[in-house]
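Everything on this sheet refers to the single structure shown next.
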Amino acid sequence: MALTEAGENLLGYAKRILDLNDEAVGRLRGPDLEGWVRLGLPQDFAETWLPAVLGRFARAHPGFASRFALSRMLTCSSAS
């Protein structure tokens, strides 16, 4: 699967919007968050989008831990 030219353009805008959001949240957020985040994702999402998203999230919230269950199936088992 590949993005069209319009899709590539939109992706560029989306990345800029997310970067601006991260900047705004970083300047306005309160105390550091701690806890767990659990995600169940199809493997293709996890392989393509998750690394960048987790990197930004980890930098913004270093007190969080995460655990993932990846599957090529439509449903994932519990990530516990």
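Per-structure values
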{"item": "Whole-Hz ³J(HN,Hα) from phi, Karplus 6.51 cos²θ - 1.76 cosθ + 1.60, for the range 55-60, glycine and proline x", "result": "x, 5, 5, 4, 5, 6"}
{"item": "Phi-based couplings in Hz for the range 15-21 (Karplus 6.51, -1.76, 1.60; Gly and Pro marked x)", "result": "5, 5, 4, 5, 4, 5, 4"}
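Quick note: the coordinates plus some simple rules give every number you see, no bench work behind them. Because the structure is predicted, anything quoted here is derived from the model rather than measured.
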